[in-house]
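The values are calculated or read from the model by the stated rules, or taken from the named source; none is laboratory data. None of the values given here were measured: they were computed from a predicted structure. A quick note on method: Cβ atoms are made from the backbone with ideal geometry, for glycine too, and the neighbour counts reach across all protein chains shown. With ligands, DNA and RNA removed, areas are computed over all heavy atoms of the protein, side chains included. Shrake-Rupley method; radii C 1.70, N 1.55, O 1.52, S 1.80 Å.
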Amino acid sequence: MFSQSLPTPPASINMPFAPTSSDLPPHDSPTIALVHPTAEEKARTWKLNGSSWRGQLSLDAYLCREEHLASQPFCRDEGMSFWILVDTASTGSSRAILASCESFRKRALIKRPGKDVQEVVSHGIGSVFCNPEYRGRGYARRMMNELAKHLDGWQQKGGEKAYFTVLYSDIGKDFYSKSGWRAFPSRHIALHPLIEDSKISIFNDELPVADPLHPEQLTELCKDDEIALCNTLAKPRADKTVISVALIPDEKVIRWHHAREEFVANELLGKSPEIKGAIVQGEKGHRVWCLWTRTFGSEKIGNTMNILRLVIEGEVEELEESGLTSSRDGLEESHRWQVLAATSVIQSACFEAARWGMNDVQLWNPTPLTVLAAKKIDPCTEIVERVDESIASLRWHGPELDSTTELAWIGNEKYGWC
Ligand SMILES: CC(C)(COP(=O)(O)OP(=O)(O)OC[C@H]1O[C@@H](n2cnc3c(N)ncnc32)[C@H](O)[C@@H]1OP(=O)(O)O)[C@@H](O)C(=O)NCCC(=O)NCCS
């Protein structure tokens with residue numbers, strides 16, 4: 001089903017002449033370069049990589065989705081860049097695309113010891129792909145190495161250098177780490193969907209009421225979240241040799257995720273989700289909310305309700321970092337209201353997941369308070385350490401770090417994924 005307002009699929013893409021594998025240059029050939037594709041080449045990459053990423057969509061619908069996403073505010077004005085690896089010495093009517101990928105400009109924050117928090121331009125990389133016929137020849141590796149050099153200065157103002165870029169690997173930790181994208185904590189908790197009348201009751205406490213969040217509330221909440229994130233990074237740290245970085249969960253980023261879920265839901269189910277999260281209201285500084293998106297996977301993988309971002313106002317950064325080492329009872333006692341409010345918004349996600357036929361609700365890199373909240377819903381909740389898929393990986397492009405300096409990725413949640 002294609003709705004009227006969505007773009008029409010690109011004109012059918014005839015595969016033009018492509019060189020056979022034996023005509024291809026070696027991966028270290030000096031004539032190989034990373035360039036931006038023409039419109040025809042871009043369509044060719046989507047048609048090829050659709051086999052890997054279209055999920056339950058038809059190929060035509062997948063091509064439409066990619067056009068639709070590329071036209072979102074997050075991607076406009078060169079927010080999204082396309083890259084292909086080609087042989088510049090190729091003389092055929094159509095050059096072979098040896099490998100391809102996309103990058104997304106992302107607003108980010110960085111806090112260096114002794115300096116103020118600074119807004120910087122980062123990039124997220126996605127859709128890394130090599131034509132099955134050309135695999136195993138080192139082209140993807142060459143592309144990532146070339147891309148790392150390009151992203152050093154890509155879209156930076158005044159000739160400045162990038163500080164960091166990110167990607168989310170679905171092929172384990174080794175491939176990208178060899179090109180400098182180091183694997184960071186990639187954990188999540190998963191909860192079952194809940195039928196609404198199974199509301200939980202905890203120690204006779206009533207959970208604070210969580211209201212549904214609608215798209216028109218995103219503008220203000222995202223702004224508040226950004227300010228709070230900035231303040232979190234600004235807090236002095238006990239250890240002076242940590243550089244903290246964060247991607248900003250701004251409105252454009254969140255709406256890009258929602259554009260994706262709406263497109264796919266319309267295609268597969270003929271309806272578009274309107275509820276985008278849940279909030280326990282209160283005075284500013286004392287609210288708890290989460291934003292979510294429904295991810296429709298292949299028939300084999302199934303659908304997941306992903307929490308894009310969970311905000312517990314007033315949650316202190318040390319808590320976020322202390323993992324699960326802090327005493328559970330102590331934490332629960334001192335943050336009782338926050339835990340209950342987080343329980344309530346996560347429970348809302350579980351209800352919404354049941355309404356939409358999701359397999360589970362996933363929340364990335366949960367803080368100790370979030371884990372306590374999840375355990376109230378399901379005491380068996382455990383933290384899953386991902387080793388193959390969605391490995392959050394970060395490449396440092398800034399000045400060389402000495403061996404005592406650590407990088408901390410704050411807010412490493414699903415909203416950063418691309
Ligand atoms: C992943 C992919 C881009 C690799 O392309 P490629 O050109 O065959 O890769 P290269 O020949 O440059 O391989 C370089 C290295 O990566 C390794 N590698 C290749 N594919 C891999 C995979 N799927 N998983 C893990 N490692 C892989 C190779 O073994 C090789 O290792 P080495 O340097 O130690 O010898 C390609 O298989 C592909 O398009 N897959 C489908 C889409 C996909 O999964 N993309 C990644 C999304 S995160």
Filter result for the condition that a residue is closer than 30 Å to Ala238 by Cβ and of a type in the set (Lys, Arg), over Arg95, Arg141, Arg107: Arg107
Quick one: count up the residues across the stretch 260-274 that are touching a helix residue (DSSP H, G or I) at 6+ places or on another chain (Cβ under 6 Å) and not charged (D, E, K, R). 3
Select from the stretch 130-175 the residues that are within 9 Å of the ligand (Cβ to nearest atom) and of a type in the set (A, V, I, L, M, F, W, C) and write down the one among them that is farthest from Lys106 (Cα to Cα). Cys130
Among (1) surrounded by fewer than 17 Cβ atoms within 10 Å (Cβ to Cβ); (2) within 25 Å of Ile243 (Cα to Cα), the one test that Ser93 misses: (2)
Suppose the filter is free of Cβ contacts under 8 Å to residues at least 60 places away in the same chain and assigned to a helix (DSSP H, G or I); does Cys230 pass it? no
Inspect all residues belonging to the stretch 101-108 and state whether any of them is away from the ligand (no atom under 16 Å from the Cβ), of a type in the set (Phe, Trp, Tyr) and open to solvent by less than 20 Å² (accessible area, probe 1.4 Å). no
Within the stretch 221-258, which residues are open to solvent by 20 Å² or more (accessible area, probe 1.4 Å), β-branched (Val, Ile, Thr) and within 16 Å of Val120 (Cα to Cα)? Ile227
Quick test for you: out of Ser122, Ser71, pick the one residue that is crowded, with 18+ Cβ neighbours inside 10 Å and closer than 26 Å to Asn412 by Cα. Ser122
Matching residues in the stretch 176-195 (open to solvent by less than 50 Å² (accessible area, probe 1.4 Å) and within 16 Å of the ligand (Cβ to nearest atom)) number 7
